[in-house]
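One structure below.
The values are calculated or read from the model by the stated rules, or taken from the named source; none is laboratory data. Keep in mind that this is a model prediction, so the values were computed, not measured. Here the Cβ positions follow ideal geometry from the backbone for every residue, glycine too, while neighbour counts run over all protein chains shown.
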Amino acid sequence: MDPSATHSVANSAIEAVWRIESAKIVAGLARMTRDVGLAEELAQEALLAALEKWPGSGVPDNPGAWLMAAAKNRALDHFRHNKLIEAKHEEIGREAEEGFTPDFDAALEHDIGDDLLRLVFTACHPVISTEARAALTLRLLCGLTTDEIARAFLVPEATVAQRIVRAKRTLAEARVPFEVPRGDELAARLSSVLEVIYLVFNEGYSATAGDDWMRPALCEDALRLGRILAELAPGEPEVHGLVALMEIQASRFRARTGPLGEPILLMDQDRARWDHLLVRRGLAALERAEDLERSAGGALSPYTLQAAIAACHARARTHAETDWKRIVALYDGLAQLAPSPVVELNRAVAVTMAYGAEEGLALVDAIAAEPALRGYHLLPSVRGDFLMKLGRLDEARGEFERAASLTRNTREIRLLLDRAAALHPGLRVVK
Amino acid sequence: MRFMMMVIPKGYEKAKPGAMPDAKLVAEMAKYNESLHKAGVMLSGEGLHPPSMGARVSFSGGKPKVTDGPFTEAKEVIGGFWILQVKSKAEALEWAKRCPMPDGDIVEIRQLQEFEDFPADVQEAAAGEPALREQLEKKAKKR
């Protein structure tokens, strides 16, 4: 094999090891240094050392331990040269000495779950902006480069780099402790974590064909984060609720766009193309969430309710088999727990399916003046659909046209204008 | 991308019906599976009874013929599998290398085929739904 080929094989092996080990290494270092920013820099230095050594020496038998040892050596150098607080210095020295015993593997595995959980809560701390939380989480927990994050979020690399630098600085200045919040604080902080994961998922889910492949890959990263979190905090029902929601939504990935990249509505999707492995996983996660929430005696959380709605669709073999009455009941719960005009709009759709367009239209008209829905193309799109069902075709056409004028997604415009055109009785559309 | 990671245990082709791995190996495997779960990469996984409990259907001249296991001609048989969600073949390999296998066992990784991997004509054949076929035809005309 020529040297450059060996080099690239080694590099892809290093990337793979990095993907598996980086979060654990950053988390372990953060526990020792109590500084997430420093921990990440030390981990990066260890990665550079691996990129230098491994192409020549081959990947070591225990690459995670090698990287951790390299990072610890750099941590020791760092503290020796910087003469930081004595106590911190000793702590590091002690940790490192313990760590260099032959039983290093066990030391590495020990408590690493707790460290990872601390890292998740720190990266998603509400003291930093949501965008920065997302970038920091992808960087620290998924091992993504700034370039990859930038491509995924369609922003310049410099913007992402700046967000991360600022976030690290904010965390340091606010003296955010490296720990898992307890008691009353836990619920609020957990929401902040789940919000970030779902934001990352939705960034990927909203991507369309032809977009950079990094965008759909965000869904996988978010799902992976959710699955990891469900293992780290198995007693938290909301985590399982979010995982269930993402698994079921991801199961429709293959079916929700046509060969030309055009969106296919849920009702028109070929259900045979749904990913039934993910459906099964989603239903299992939902069951876990519901059991935990019931045994805690509380109401279902918003993510669990949304997952339960998604599950109603997942369980229906055809669109006609959908249990719309149950979906209406679940939306009623969601509207009480997390009221929003968008939830209300979705509830109206379910009501129309369960009880007829007359009732659905009344609900939509009640929220039509909501400022949050101004300029939201789905409002006229849904209204048009109800009017069409009621046989008020001229009004329906007007609504579809209005909806088309409100979206910038060319594929959606096409879909809406097609629906409007279909309502011209006897008129032949010249294309 | 998804990979099926298969284990080919040494001598499993000759294993008696009901043969089971020993408790020590099972314990190690449980620990390994936990690490896959904790890394968020394991979608599913199953162990398989030996071929002596299975059967094969071979096809010749358009006719199926059933042979009960064990299969004398088989040299390597699968003992179990995982489905992993990973970012690269290298990542799947990295997990395969960490499998706690006794000497002589083999772990093989194979990427799952996705719809997008198929060429246009195979995609068309795979698209059972008429509407989808129609759209593909439209797309072909545009080219």
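Overview of results
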| item | result |
| --- | --- |
| Residue within segment B:81-94 that is in contact with a strand residue (DSSP E or B) (Cβ under 9 Å, 6 or more places away or on another chain), part of a loop (DSSP other than H, G, I, E, B), at pLDDT below 95 and small (G, A, S) present | no |
| Only one of A:E412, A:E358, A:E395 that is of a type outside the set (F, W, Y), touching a strand residue (DSSP E or B) at 6+ places or on another chain (Cβ under 8 Å) and in a helix (DSSP H, G or I) | A:E412 |
| Among (1) surrounded by fewer than 19 Cβ atoms within 10 Å (Cβ to Cβ); (2) part of a helix (DSSP H, G or I), the one test that A:P177 misses | (2) |
| Failed condition for B:A120, given (1) over 21 Å from A:L277 (Cα atoms); (2) modelled with pLDDT of 95 or more; (3) within 12 Å of another protein chain (Cβ to nearest Cβ) | (2) |
| Residue that is farthest from B:K87 (Cα to Cα) [pool: residues in segment A:143-172 that are of a type in the set (V, I, T) and not in a helix (DSSP H, G or I)] | A:V155 |
| Check on A:S295, modelled with pLDDT under 95, out of contact with any helix residue (DSSP H, G or I) (no Cβ under 7 Å at 6 or more places or on another chain) and of a type outside the set (D, E, K, R) | yes |
| Condition check for B:P100: within 14 Å of chain A (Cβ to nearest Cβ), part of a loop (DSSP other than H, G, I, E, B) and in contact (Cβ under 8 Å) with a residue 40 or more places away in the chain | yes |
| Count - residues of segment A:113-135 that are free of Cβ contacts under 8 Å to residues at least 40 places away in the same chain and either within 21 Å of A:A43 (Cα to Cα) or aliphatic (A, V, I, L, M) (or both) | 2 |
| Which listed residue is out of contact with any strand residue (DSSP E or B) (no Cβ under 8 Å at 6 or more places or on another chain) and at positive phi, from A:G204, A:G261, A:G241 | A:G261 |
| Complete set of residues in segment B:15-58 that are touching a residue at least 24 places away in the same chain (Cβ under 8 Å), exposed (fewer than 15 other Cβ atoms within 10 Å of the Cβ) and in a strand (DSSP E or B) | B:S44, B:E46, B:G47 |
| Qualifying residue in segment A:71-81 (condition: out of contact with any strand residue (DSSP E or B) (no Cβ under 7 Å at 6 or more places or on another chain), modelled with pLDDT under 85, within 14 Å of chain B (Cβ to nearest Cβ) and surrounded by fewer than 18 Cβ atoms within 10 Å (Cβ to Cβ)) | no |
| Filtered residue count, segment A:367-391, keeping only those that are part of a helix (DSSP H, G or I), over 22 Å from A:R419 (Cα atoms), touching a residue at least 12 places away in the same chain (Cβ under 8 Å) and over 26 Å from the mean Cα position of the chain (by Cα) | 1 |
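Results for (1) over 17 Å from A:F121 (Cβ atoms); (2) surrounded by 20 or more Cβ atoms within 10 Å (Cβ to Cβ); (3) at pLDDT 85 or above, shown as yes or no for each residue.
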{"residue": "A:D221", "(1), (2), (3)": "yes, yes, yes"}
{"residue": "A:L225", "(1), (2), (3)": "no, yes, yes"}
{"residue": "A:G241", "(1), (2), (3)": "yes, yes, yes"}
{"residue": "A:L260", "(1), (2), (3)": "yes, no, no"}
